[in-house]
Amino acid sequence: GINAEYGDREKISSVFTLPIDSLKSAYQVTVARSILQLPLLDSTCDFVASNTQLALADLYFASHIAKIQGCQVDIAGIEDYLNSEIAGEEASMNSLFKAVTSLSNLEMTVDSSVAEKIAAKVKKEDTVMAYSLAYLASAVLPGDVPKDLVDSIEDVAHRADTIGNAMSFEGGLMETSMFLKGAAVLSQKAGKAALTDQMTQRFANYIVSNKDKSGKSNLFYTLVGLDALSSGSLVPTHLIVLDNSAVISESQRALKVSLVNPLGITVKDSTAKIVSAKGAAGQAIFAPGPMAGGDGVFEVSASGLARGVFSAELGFELPSGYLAPDNSVVKVKCVLPVELKNAAFKLIDVDDNRVITSSDLSGGMVQGKADLSTRLIFDFTLLDQSGEVTLHQVFVRFTNTKTKQNVFFIAQADLKKKYTVDLNFRSAAAKSFGSVAGEYTVDLVVGDATLPQAMVVDVATISLDVPDSKEPAADLSKQAKPEITHLFREPEKRPPQVISTVFTALVLLPGLVLLVVWAKLGANVSNMQLSLPTIGFHGGLLAIIASYINFFLGVNMFTTVKYLAGVAVVTFLCGQRLLSSIAAAKKAK
Amino acid sequence: EKAIVLAVLLALASCRTLVILENVLTKESHSSFLASLATKDKDIVYKYATDSSLTIKKYGESLYNNIVILAPSVTAFGNGVIANDFLTFLDDGGNIVMSASSAVGDPVKEIAAEVGIEIDDEGTSVIDHMNYDVSDVGDHDLVVADSFISAPVIVGESPKPVLFKGVGMAADPDNSLVIDILRASSTAYSHAANQDILEYPLAIGSSLLLVAGMQARNNARIVIFGSHDMLSDKFYNADVKAQSAEGAPQAAGNAEFASSVVDWALRRNGDLRFSNVKHNKVGEAPSDAAYRITDEVEYSIVIEEMRNGNWEAFKGSDVQLEFVRIDPFVRAFLAPGSDGVFKVGFKVPDVYGVYQFKVDYNRVGFTHLYSSTQVSVRPFHHTEYERFIPSAYPYYASAFSMLGGLFIFSFVFLYHKDTSSDKSKAMKKAE
């Protein structure tokens, strides 16, 4: 049922509250709150008064709210409108249902022909939902309940799927809840339970499994289903609810049990007793006998604590009309702490056969060194109040202080429940440690379902020395790689500027010398006569030199040759004229 | 004929998901998960695991883009579907989301084994005596887990602790395709709770995987949740508090975590694509001409990332460009810009040859992005070398002084009048 311990009731209640945004939600909130026995909201009546139209769906919701909360629905012509809906030729089962229940809620008279119409319609539509609505409608009609309809309840129930110990219809939660509600109200009117115990139990298991869902609609239909199961007409079922999580310990020796109906309400006038409470090894944790308390809330205290899981079989005495739970065996776990005792930690050099380090851990963590010729032997026992115990998880954990990698070894217990870890580093270094040398912290991890919490004991710090130690491989493929900038080739070294300048001067020196010597020798240009060939020739020479300079400065060969071709012709002709005129002048002398 | 039309229509359809359910109860117990799935993908087909009409491939074409298998304990799929069919589906580019549990059946184990993930035997569970949830009154197999992989593209920005109850997995640490989405804590181990531990379990501590994923080289993804219950409504609405933790219980992060991981698995997150690769010399338009050594070049690429089913600009800060001629000569980070444009500029090395602009981006959770553009790099033309070097001035001087001398010499040579011989002649005449 709704388990008070896990705050189910609060969770579900918090869903059915303001704000209300539609008639449907007002309806769901009001019905849910009435099922949960919570105070109803004042604003609902006002909302209904201002939002109800003369329509089937609206009147359905409004009439239900009116019945529960005592509101007034003041719209003219409701009775005639609803009866005309019933009288309509093509009225579906849904419409018939809504009209009939609305009229009944508002205490108006229903047309007497409707019972036949319902019987005919339900045979025609033949769906689970149609039957459920037919049951609900028939239950509010005056007169006796049609026998056919009551007999059909069990047949329709057989249409449900059974999975495990739960039973549900293919339409899901809504269909199953509406069916249960219909079956419950019809059974109540007929005066006999229409579903078998087993069916009821299975439907109940299904409905309860939906209490963890979210959504107003889901929770609403869950509540409708649970309400139907708790109404007393469908052989109510009960579930055992444990208040202290079925875990007992030194500080919490009492097992608290609540016997509640599917809605979480305790069963009055009930008693409970322990039939037997034995563990797997046969030891008892609760003495057989009656449990303290009453009216659905019971308690029993453990006589002696022993580690383990116990099956406590409970017996109940219930008032008449109540069905005992289908499962009266409760698993109770007793948790007790353990202590580490008789510890012996040894590091042995295998080649020399001598003990390097030995400690009983009383002085705190051991410092040790290990290499390939070392053997580690660690013995200890785990004790609780009743003696030596073996537990599920007893691991020795090595942690590399740099890489934080873990290496685990299992401690095995012998027949006397003494644990041993025997580690030979010659093989283990490569196989288990991956040949990664370094400093490792060693601790003992002890855990079990019957321990309140795992126990971690610091044992030692060991420096492992491995020749050819491997660095733990780092996966670089998924990271950014280092940046590369290209190193450009250095330009060749050049001589300092000074040397170039000096040699330039040296090179120009002979020219200077030439001019000086010429001056001394009396060179002159007295014979020069200004004439066209002279100008042409020297000018041409100058142009040729200029074109060489131009080519040097960056013009290409093609342009230069083109230019030179013209200039060369001119210079040649002029030169020839000049030289012949000079030769002629010489001859004349 | 009808089938051909159907196949054509399916090929045109954008995204189709097959959800394989274990039984009727799954639809209700996992209604939130299925509702969330329906918001991610409009076209979903639901089938039961033993359905005799279960088909994955028809006429050589996969019928679906994604398959979600919520049937951990199924012993055999209907219609003769075997584990290998799901492998072929992965090879064809389809994505798979699978859940396992302590009652895991052989088909699920086989599919996982084929992708490099080993699920522990049936009957084992992940047990953690330190980090079990406070509501666990039994074997401490209801575990609170928070060792998520640091990849927001898979698990979201800051995932909250999740509730887990199921079977553990292990993968070869050298397998670079397997992704450890959620690991167990250091005190956890995988074993049957009611049997003593006589030999080393499948995995202990952080080598034990609770949620494992694999991205194949064709970028198809598969995710395996070790706990079928962690996707259920009950766990979505639960509060978690580890036994060893301080503070008040908080709401379980299962819903957001599952939604994030499924978004990644269905390729709605984490896909990368590139477009618009441009490269040019600084100051010039892109051209096909070869680059010259020591040129300044700039390269840009547009990278987009799939986020919630839409392509958006990628904002990664560690995308690198390599300029490779067999070995990379230059490797630089691409600076992200607006609209997903990534740019960088650098100087072409002074070694000529055929190079490639390579962007090779491989990060956890993203598809592999690879772009390669080939360019040539030529040496200097004979006209591009340095000129007018000071060390050469003597040579320039010598050449030009010779030319100048020639010019002057031409005057002197042609027009020199020997005045001393005239003088001597005149003197001789006078005698």
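The values are calculated or read from the model by the stated rules, or taken from the named source; none is laboratory data. The shown structure was predicted, so the numbers you read here are calculated from the model rather than taken from an experiment. Glycine gets a Cβ as well: all are built from the backbone with ideal geometry, and neighbour counts include every protein chain shown. These accessible areas exclude ligands, DNA and RNA; they are computed on the full protein's heavy atoms, side chains included. Shrake-Rupley method; radii C 1.70, N 1.55, O 1.52, S 1.80 Å.
In the complete set of protein chains, residue-level accessible area for residue A:503 is approximately 110 Å², probe 1.4 angstrom. Among B:352, A:60, the order of accessible area from largest down is B:352, A:60, computed with a 1.4 Å probe on protein heavy atoms. Please report, as a whole percent, how much of the solvent-accessible surface of chain B comes from carbon and sulfur atoms (probe radius 1.4 Å). The nonpolar share, carbon plus sulfur, comes to 52 percent.
Of the residues B:62, A:449, A:408, the one whose Cα sits farthest towards the positive end of the charge dipole of the protein assembly as shown is B:62 (charges of +1 on Lys and Arg Cβ, -1 on Asp and Glu Cβ, taken about the Cα centre). Buried area at the A:B interface is about 6700 square angstrom, summed over both chains, from accessible surfaces computed with a 1.4 angstrom probe. Of the listed residues B:181, A:75, B:326, the order by accessible area with a 1.4 Å probe, largest first, is B:326, A:75, B:181.
Here are some pairs, B:27/B:109; A:481/B:358; B:27/B:57; A:67/A:268; which of them have Cα atoms lying more than 19 Å apart in this structure? Where the Cα-Cα span goes over 19 Å, the pairs concerned are B:27/B:109; B:27/B:57; A:67/A:268. A full extension of the chain between residue A:79 and residue A:549 corresponds to an added length of 157.1 nm, given 0.36 nm per residue minus the alpha carbon distance.
Computed per residue of chain A from DSSP H runs no shorter than four, each worth -39500 (n - 2.57), the mean residue ellipticity at 222 nm is -13000 deg cm²/dmol. Counts of other chain beta carbons within 10 angstrom of each beta carbon in peptide B:137-145 average 4.
If the reach is capped at under 18 angstrom between alpha carbons, list the lysines near residue A:189, excluding any in the same chain fewer than eight residues apart. Within reach: A:147, A:181. Looking at the range B:310-399, the accessible area is 52 square angstrom per residue; that uses a 1.4 Å probe and ignores ligands, DNA and RNA.
By DSSP, the beta bridges lying fully in chain B are antiparallel in about 75 percent of cases. The fraction of accessible area contributed by carbon and sulfur in the range A:254-339 is 53 percent, rounded to a whole number (1.4 Å probe; ligands and nucleic acids excluded). For chain B, a crude dipole built from +1 on the beta carbon of Lys and Arg and -1 on the beta carbon of Asp and Glu, taken about the Cα centre, is about 3060 debye to the nearest 20.
If R0 is taken as 30 Å, the Cβ-Cβ distance between residue B:396 and residue A:558 corresponds to a FRET efficiency of 0.80.
Could you run the Debye sum over the Cα atoms of the range B:163-262, one equal point scatterer each and no solvent, and tell me log10 of I(q)/I(0) at q = 0.13, 0.15, 0.16 Å⁻¹, two decimals? Values, matching the q order: -0.55, -0.71, -0.80.
Listed by chain and number, the lysines placed with their C-alpha closer than 16 angstrom to that of residue B:58 are B:2; residues fewer than eight positions away on the same chain are left out.
By the Cβ distance rule (another cysteine Cβ under 4.7 Å), the unpaired cysteines of the protein assembly as shown are A:334, A:574, B:15. When only alpha carbons of the range A:268-367 are considered, Rg and Dmax amount to 24.8, 82 Å. This model, with +1 at the C-beta of Lys and Arg and -1 at the C-beta of Asp and Glu, gives chain A a dipole about its Cα centre of some 5120 debye.
Sparse packing (at most 10 other Cβ atoms within 10 Å of the Cβ) combined with a DSSP loop state is found for none of the chymotrypsin sites (Phe, Trp or Tyr not before Pro) in the range A:403-473.
Working note: Karplus 6.51/-1.76/1.60 with θ = phi - 60° gives the range A:564-580 the couplings 4, 3, x, 4, 4, 4, 4, 4, 4, 5, 4, x, 4, 4, 4, 4, 5 Hz, where Gly and Pro are set to x.
Using a 7 Å offset from Cα along Cα-Cβ at residue B:381, what residues in the range B:275-299 end up with backbone N under 19 Å from the label point? Zone members listed by number: B:281-297.
The residues of the range A:435-483 listed by number as losing at least 50 Å² of accessible area in the complex, against the isolated chain and with a 1.4 Å probe, are A:453, A:478, A:480, A:481, A:483. Taking the square roots of five times each eigenvalue of the Cα gyration tensor of the range B:358-407, the equivalent ellipsoid has semi-axes of 58, 11, 4 Å, listed largest first. Here, the protein assembly as shown yields an orientationally averaged convex hull projection of 76.4 nm² when only Cα atoms define the hull. Residue by residue, the range A:136-153 carries 3J(HN,Hα) couplings of 5, 5, 4, 5, 9, 7, x, x, 6, 7, x, 5, 4, 5, 5, 5, 6, 4 Hz when phi is fed to the Karplus relation 6.51 cos²θ - 1.76 cosθ + 1.60 (θ = phi - 60°); x denotes Gly or Pro.
Residue A:414 contributes about 80 Å² of solvent-accessible surface, heavy atoms of the protein only, 1.4 Å probe. Short version: which residues of the range B:24-43 lose at least 30 Å² of accessible area, all chains versus chain alone, 1.4 Å probe? Output list: B:24, B:25, B:28. Annotation: aspartates and glutamates with alpha-carbon distance below 14 angstrom to residue B:40 (same-chain offsets under eight excluded): B:256, B:263. Solvent exposure of the range B:142-244, expressed per residue, is 36 Å² of accessible area, with all protein chains present and a 1.4 angstrom probe. The distance between label points at residue A:271 and residue B:146 comes to 5.0 nm (points 7 Å beyond Cα on the Cα→Cβ vector).
Just which residues of the range B:186-202 lose 40 Å² or more accessible area with every protein chain there, against their chain alone, with the probe set to 1.4 Å? So the qualifying set is B:186, B:187, B:189, B:197, B:200. Here the extension length gained between residue B:317 and residue B:290 equals 6.7 nm, from 0.36 nm per residue of separation less the Cα-Cα distance.
For the range A:330-403, the Kirkwood radius over C-alpha pairs fed into Stokes-Einstein at 25 °C and 0.890 mPa s yields D = 163 µm² per second. Convex hull of alpha carbon positions in the range B:300-428: directionally averaged projected area 15.2 nm². The base-10 log of I(q)/I(0) for chain B, evaluated at q = 0.08, 0.09 Å⁻¹, reads -0.60, -0.70 [Debye formula, identical scatterers on Cα atoms, solvent excluded]. Note on chain A: Cα convex hull, mean projected area over all directions, 69.5 nm².
Looking at the range B:98-174, the GluC sites (Glu not before Pro) that sit in a DSSP loop and have at most 10 other Cβ atoms within 10 Å of their own Cβ are B:157. With every protein chain in place and a 1.4 angstrom probe, the accessible-area ranking of A:334, A:45, largest first, reads A:45, A:334. In this Cβ point-charge picture (+1 for Lys and Arg, -1 for Asp and Glu), the protein assembly as shown has a dipole of about 7160 debye about its Cα centre. Peptides A:452-458, A:524-530, A:174-180, B:158-164 ranked from most to least packed by the mean count of surrounding Cβ atoms within 10 Å: A:174-180, B:158-164, A:452-458, A:524-530. Listed values for the range A:300-306 are Karplus-derived 3J(HN,Hα) couplings in whole Hz (6.51 cos²θ - 1.76 cosθ + 1.60, θ = phi - 60°), namely 8, 9, 5, 6, x, 8, 9, and x replaces Gly and Pro.
Computed from the alpha carbon atoms alone, the convex hull of the range A:415-553 holds 338 Å³ per residue.
The residues of the range A:99-215 expose on average 43 square angstrom of accessible surface per residue, using a 1.4 Å probe on protein heavy atoms. Across the range A:346-493, Cα-Cα distances exceeding 19 Å account for 61% of all pairs.
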